[in-house]
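A.B. asks: Mind looking over this structure? Questions follow.
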Amino acid sequence: MLKNIKQNAKIVDIFIKKYFNTQKYSELVPVMKYGTLFGGKKIRSTIILNTSKIFNIRSNQIINLCAAVECIHSYSLIHDDLPCMDNDTLRRGKPSTHIKFGESTAILAGNSLLTLAFEIIADKKFNVDTTVKLNLIKKLSECAGHVGIAGGQFLDLNYEKKKINFKKIINMQRKKTGKLFEFCCLAPAIIAKKNLKTQKEMSMVGAELGLLFQIADDLLDIKGNKKNTGKPVKKDKKKGKSTLIKLFGYEKTLGFALDRKKMIINKLKKYGKKSNKLIEVSDFILNRSF
């Protein structure tokens, strides 16, 4: 699976590099490149590409969406790492963007990546129906904004050093991480013009994958190491983060994650061999925490 992820990451990196080359140069471009390229598994792109296999969509038909999602993900990481947010100095095994370039520059680069994502989807070379394109832009906007990543980050910060119940923690994690994963599984179904039932089903799979990813990330914070994660570990407890581990403990949280993975696999089995790569992704996500 790791080989598949690396191959996909390379494809997406090449596209993003080429896209940057079409942009008018500004002093923010090197900072934006630093935040998106040179590291990261680009697991969200792999989910898009592997979901596309289910619906017989070629990688060149959906690569714009991969790049757009990676721009939004990178924007969120740049902002999350800021001193006013999570105050992390290491990301993807290198200094965080604000450490390398300064806080104000990091904020502006993050903002620029957010807007670049929608430019990439709107690009005339991304050859999908206008109505489909508008739907994709709307869905991705929801994932990035106050009901998605931004809203989830707000809750994450607001819940620090507080006793938060299960329902609220899950809601926060679904927004902060799950929403973008949800888009990654939904978008190929939208492009393939599948019915609303199929779109809803793929949204659910993506949401569960995102929740699984966040739980695995929390588990890694306990038993992972900085070399493998590319960022500091054992920081959630110090910051008083509200996680399922804090609520239930490590073993019970791991059991909950295994149940989520089983649910994802059962949902995907109906698509037969075409879903094998996406099933492998769910295994990879959780196995990172072992």
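The values are calculated or read from the model by the stated rules, or taken from the named source; none is laboratory data. Quick caveat: nothing in here was measured; it's all calculated off a predicted structure. For neighbour counting, all protein chains shown are included, and Cβ atoms are generated from backbone atoms with ideal geometry for every residue, glycine included.
A.B. asks: Quick check on residue 200: is it closer than 24 Å to residue 134 by Cα, at pLDDT 95 or above and out of contact with any Ser or Thr (no Cβ under 9 Å at 6 or more places or on another chain)?
C.D. replies: yes
A.B. asks: Residue 217 is checked against (1) at pLDDT below 95; (2) over 13 Å from the mean Cα position of the chain (by Cα) and fails just one. What number does that condition carry?
C.D. replies: The single condition residue 217 does not satisfy is (2).
A.B. asks: Quick one: in the range 164-184, of everything that is of a type in the set (D, E, K, R) and crowded, with 17+ Cβ neighbours inside 10 Å, which residue is nearest to residue 195 (Cα to Cα)?
C.D. replies: Out of the qualifying residues, it is 182.
A.B. asks: What pairs come up if the first residue lies in the range 141-157 and is over 17 Å from residue 107 (Cα atoms) and of a type in the set (A, V, I, L, M), the second is in a helix (DSSP H, G or I) and at pLDDT 95 or above, and their beta carbons are under 6 Å apart, counting only those six or more places apart or on different chains?
C.D. replies: 155/172
A.B. asks: Out of 12, 29, 69, which single residue is free of Cβ contacts under 8 Å to residues at least 40 places away in the same chain, of a type in the set (Val, Ile, Thr) and in contact with a helix residue (DSSP H, G or I) (Cβ under 7 Å, 6 or more places away or on another chain)?
C.D. replies: Going through 12, 29, 69 in turn, just one is free of Cβ contacts under 8 Å to residues at least 40 places away in the same chain, of a type in the set (Val, Ile, Thr) and in contact with a helix residue (DSSP H, G or I) (Cβ under 7 Å, 6 or more places away or on another chain): 29.
A.B. asks: Of a type outside the set (A, V, I, L, M) and touching a Pro at 6+ places or on another chain (Cβ under 9 Å): which single residue out of 55, 20 fits that description?
C.D. replies: Residue meeting the stated conditions: 55.
A.B. asks: Quick one: count up the residues across the range 152-167 that are within 13 Å of residue 85 (Cα to Cα) and touching a Gly at 6+ places or on another chain (Cβ under 9 Å).
C.D. replies: Number satisfying all stated conditions: 3.
A.B. asks: Are there helices (runs of 4 or more DSSP H) fully within the range 165-264 with at least 1 residues that are in contact (Cβ under 8 Å) with a residue 24 or more places away in the chain and either farther than 26 Å from residue 96 by Cα or in contact with a helix residue (DSSP H, G or I) (Cβ under 7 Å, 6 or more places away or on another chain) (or both)? List them.
C.D. replies: Fully inside the range 165-264 and qualifying: 166-173, 179-191, 196-223, 244-248.
A.B. asks: Tell me, yes or no, whether the range 281-289 has at least one residue that is under 23 Å from residue 3 (Cα atoms) and not in a helix (DSSP H, G or I).
C.D. replies: yes
A.B. asks: Restricting attention to the range 104-120, which residues are more than 11 Å from residue 72 (Cα to Cα) and without any contact (Cβ under 8 Å) to a residue 60 or more places away in the chain?
C.D. replies: Listed by number, the residues that qualify are 104, 107, 119.
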